[in-house]
Amino acid sequence: MNCKEIILSRKSIRDFSSTPVPAEVIDDMIVAAQVAPSCQNKQPWRFIFVDDPNLIKKLALQSGFIGTVNFFIKKAPLVVVACANPKDSCHLNQQPYYLVDVAIAFQQMMLMAWHHGVGSCWLAAFNEQQVKNILGIPEKTKIVAMSPFGYPKQKKSFYSKTVSKFARSKHRLPKKKIVSFQKWNF
Ligand SMILES: Cc1cc2nc3c(=O)[nH]c(=O)nc-3n(C[C@H](O)[C@H](O)[C@H](O)COP(=O)(O)O)c2cc1C
């Protein structure tokens, strides 16, 4: 796939085969994040790669409703947790940019994975404190996102069909709603 095809075909994957993500693919994913741009080149991102099935199960089982929403990650062979310490952030326009930096790097990682046929799904619905406890993440570090990684299973589960329907995953705002030319015109 070329770059355009990778970007246009990416979608959230919630059903994974048990095939592990090969080490070469993981290396490429790491490089993709490493070369990402960041505000003042601060590179505040830190990524934890979790392939221990017991830890993945614990991540999937975080208590409370918010955690159970993403129980599907239990079947993924790899979960990556994207973090940053806000004190490492660049600040401009009265806002910290670490969220932007981590998001760019994580998305680059996901697109590189997709180039290798490995799917992922951004997750924000997790219990941050529980995930910190499970992985020993320091108190002052923020978990920006996490994602399962793995080869997509051909047959979608009822659960993933429901989530993607609920999230209206195929729906996109029309161009004129998201872009104006020369001046603000929304
Ligand atoms: C910041 C962010 C948080 C998200 N959190 C979740 C989540 O917790 N669980 C989930 O199943 N999908 C989550 N998603 C995936 C979105 O539902 C999905 O990207 C959207 O419906 C568009 O579908 P697509 O990725 O297949 O194009 C999240 C996406 C983003 C960018």
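What to note about this one:
- Centre separation in Å (Cα based) which lies between region 10-42 and region 140-186: 17 Å
- Between the listed residues L8, P53, H91, the Cα displaced farthest toward the positive end of the dipole of the chain, a dipole computed from Cβ unit charges relative to the Cα centre, is found at L8.
- Neighbours of N70, meaning other residues whose beta-carbon lies under 15 angstrom from its beta-carbon, give a summed charge of +3 when Lys and Arg score +1 and Asp and Glu score -1.
- In a simple Cβ point-charge model (Lys, Arg +1; Asp, Glu -1; nothing else charged), region 1-88 has a dipole of about 400 debye relative to its Cα centre.
- Listed by Cβ neighbour count within 10 Å, with the fewest neighbours leading, K183, K74, K176 appear as K183, K176, K74.
- For the chain, hydrophobic long helices are taken as DSSP H runs at least 24 Å long by C-alpha position along their axis with mean Kyte-Doolittle hydropathy of -0.5 or more; these are 98-115.
- Among N41, P22, N127 the positive-end extreme of the charge dipole of region 3-178 (Cβ point charges): N127
- Placing +1 on the Cβ of every Lys and Arg and -1 on the Cβ of every Asp and Glu, with no other charges, gives the chain a dipole of roughly 1120 debye about its Cα centre.
- Using C-alpha pairs under 8 Å with a sequence gap of at least 6, the mean separation divided by the residue count of region 3-178 gives a relative contact order of 33 percent.
- Legend: ranking of residues W122, W184 from fewest to most surrounding C-beta atoms inside 10 Å; resulting order W184, W122.
- Taken over the alpha carbons of the chain as equal point scatterers, the Debye sum produces base-10 log I(q)/I(0) values at 0.20 Å⁻¹ of -1.48.
- Amide H contacts under 5 Å for G119: G150, Y151, restricted to partners 5 or more places along the chain or on a different chain, H placed in the peptide plane at 1.01 Å from N.
Values in this text are rule-based calculations from the coordinates and carry no lab data. Source: prediction; values computed, not measured. Because the Cβ atoms are built from the backbone with ideal geometry, glycine has one as well, and the counts that use them run over all protein chains shown.
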